[in-house]
Amino acid sequence: MATDLETSLRNAAEKVAQYVADVATMTVETKSVLVAEDGAADFKAAKPIARTVVKLDGDSENIIPLRKGSDAALQVDASLLELHQANVRAAIDYRARMLDILVGILKPRG
């Protein structure tokens with residue numbers, strides 16, 4: 001029968017493994033929603049306007065907002081893209097801080 005210490009260590013190891021799996025791929029999705037004239041917004045109706053997937057190994061996928069210009073050529077919606085890039089930077093910074101904390105917890109103390 002497992003002791004309380006063994007059970008606690010196993011649970012901690014499972015939590016660390018789950019956290020590592022969670023940070024291996026980070027998805028940032030920026031959505032938009034129309035605001036009614038009365039100021040109300042139906043957040044359940046929000047639609048994605050940009051998405052970025054960043055993997056721990058450095059691979060990434062970006063889906064960016066485009067609009068048709070007056071000449072029917074596709075153009076990047078710069079203001080929406082900048083908003084999304086700010087969200088991506090914030091998520092990457094957060095993940096880096098969490099990984100630093102995790103490494104600090106796992107680092108042997110001497």
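Read-outs: derived from the displayed coordinates by stated rules, not from any lab. None of these values were measured; they are calculated from a predicted model. Note that each Cβ is placed from the backbone with ideal geometry, even for glycine, and that neighbours are counted across all protein chains shown.
Given R₀ = 35 Å, FRET efficiency for Glu37-Ala91 by Cβ-Cβ distance, to 0.05? E(calc), rounded to 0.05, equals 0.60. Note on the chain: GNM, Cα springs under 10 Å; of Ala24, Ala90, Ala41, the largest mean-square fluctuation is that of Ala41. Within the listed set Val53, Val20, Val35, the Gaussian network model of the chain (springs between alpha-carbon atoms below 10 Å) gives the highest mean-square fluctuation for Val35. For the chain, the relative contact order works out to 18 percent when only alpha carbon pairs closer than 8 Å and six or more residues apart are counted.
What is the Cα radius of gyration of the range 26-106 over 2.2 N^0.38 Å, N being its residue count? Don't jump to the answer; show the numbers that get you there.
Numbers: Rg = 16.6 Å, N = 81, 2.2 N^0.38 = 11.7 Å.
Here the answer is 1.42, to two decimals.
With both labels modelled 7 Å from their Cα along Cα-to-Cβ, the Lys44 to Val76 distance reads 3.6 nm.
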